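Single-structure report; data block below.
The values are calculated or read from the model by the stated rules, or taken from the named source; none is laboratory data. Nothing here was measured: the structure is a model prediction, and the numbers come from that model. Here the Cβ positions follow ideal geometry from the backbone for every residue, glycine too, while neighbour counts run over all protein chains shown.
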Amino acid sequence: MQIFKEIGPLKAFLVEKRKQGQTLGFVATMGALHEGHLKLIRDSQNDNSTTICSIFVNPSQFNNPADLQKYPRTLEKDILMLTETGCDALFCPEVETMYDQKSHLRFDFGHLDKVMEGQFRPGHFSGVALVVSKLLHIVEPDIAYFGQKDWQQFAIIRQLVIELKFNVVLKSVPTLREPNGLALSSRNARLTSAQREKASLISRVLTSAKEKLKNGTPVGEVKDFVITTLEAEAEFKVEYFEVADSENLTLLRNVTESARPILCIAVFVGDVRLIDNMFL
Ligand code: AMP
């Protein structure tokens, strides 16, 4: 695998691949890689002749400096995992390379970035849109892969790509889970093994909530059930649980208001903030 820290050499590599008629698949990550990330890489490898992964812990998307500082960084192990998976290229720039001058650009996605993650992480999606724009400009992939786990992020990047006319196809990849149902996440590395076991309750509660909604239980009642069940566990604090239309993220009071509702949740387990979601 070729490793690039600078934009120029990466672009030269990509120009060469293009000349050879290769298609480019791209997976953007913040590192601390796990099988969920590798699933995106493998999907890209199935669809494209060249796969590029980026690892960049993007400061502009962290509204909480402590969260940025505590974010796990395991570059050497990540490189081994990517090499074993057969990824063709890694772009792992320094902050100074991506933000060589003070950034003034801010994004506003209307309703899409005001609810759920947007409500509790102000500025987060503006930072995501900024770094994804930079990465898409640098890599110019044919297809970019994102995980369903960050569904709101996918909805926002889709809007970004449509409005700015990026010439890229976006693919959403289903969430990979541990056998106990816990969605794989870089943040899981910060959980104790007991917390990790307990955190599987999140996906079990989402599954029960789904059944209740399918059986006609009102959204308000299901919300109470989700919050009460999770917060019965010491160390658990639900930040939000919402049922939304998966396209426009309108929050639903009744699942019949949407063709494809999605259940979204953010939960603190101790001081680790986990998110998950499931389509109805
Ligand atoms: P991150 O490094 O957390 O920014 O994630 C990089 C990409 O991997 C994002 O598109 C995530 O949605 C995706 N991803 C993270 N966890 C999972 C998972 N458990 N299954 C599938 N994709 C994931």
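Here are a few things to note about the model shown:
- Only residues that are in contact with a strand residue (DSSP E or B) (Cβ under 6 Å, 6 or more places away or on another chain) and not β-branched (Val, Ile, Thr) were counted across segment 48-69, and they come to 3.
- Leading residue by the ranking (surrounded by the most Cβ atoms within 10 Å (Cβ to Cβ)) among those in segment 167-188 that are of a type outside the set (Ser, Thr, Tyr) and closer than 13 Å to Val269 by Cβ: Ala183
- Residues in segment 154-202 that are small (Gly, Ala, Ser), more than 11 Å from the ligand (Cβ to nearest atom) and in a helix (DSSP H, G or I): Ala155, Ala189, Ser193, Ala194.
- For segment 257-274, the count of residues that are touching a Pro at 6+ places or on another chain (Cβ under 7 Å), outside the structural domain of Met116 (by TED's automatic domain parsing) and under 27 Å from Ser186 (Cβ atoms) is zero.
- In segment 153-180, the residues that are on the phi > 0 side of the Ramachandran plot and modelled with pLDDT of 95 or more never reach a residue that is within 15 Å of the ligand (Cβ to nearest atom) and part of a helix (DSSP H, G or I) with C-beta atoms less than 9 angstrom apart, at least six apart or across chains.
- Residue among Ala244, Ala234 that is outside the structural domain of Asn48 (by TED's automatic domain parsing), without any contact (Cβ under 8 Å) to a residue 60 or more places away in the chain and away from the ligand (no atom under 14 Å from the Cβ): Ala234
- Here is the figure for segment 8-25: residues that are in contact (Cβ under 8 Å) with a residue 60 or more places away in the chain and either aliphatic (A, V, I, L, M) or within 16 Å of Gln148 (Cα to Cα) (or both) total 3.
- Condition broken by Thr175, with the remaining ones in (1) more than 29 Å from Ser200 (Cα to Cα); (2) hydroxyl-bearing (Ser, Thr, Tyr); (3) in contact with an Asp or Glu (Cβ under 9 Å, 6 or more places away or on another chain) satisfied: (1)
- Which listed residue, of Asp78, Asp113, Asp43, is outside the structural domain of Ile265 (by TED's automatic domain parsing), under 19 Å from Val161 (Cβ atoms), within 13 Å of the ligand (Cβ to nearest atom) and not basic (Lys, Arg): Asp43
- Selection status of Ser44, part of a helix (DSSP H, G or I), of a type in the set (S, T, N, Q) and over 26 Å from Leu182 (Cα atoms): no
- Count of residues meeting criterion [in a loop (DSSP other than H, G, I, E, B), at pLDDT 95 or above and farther than 17 Å from Leu24 by Cα] in segment 47-72: 3
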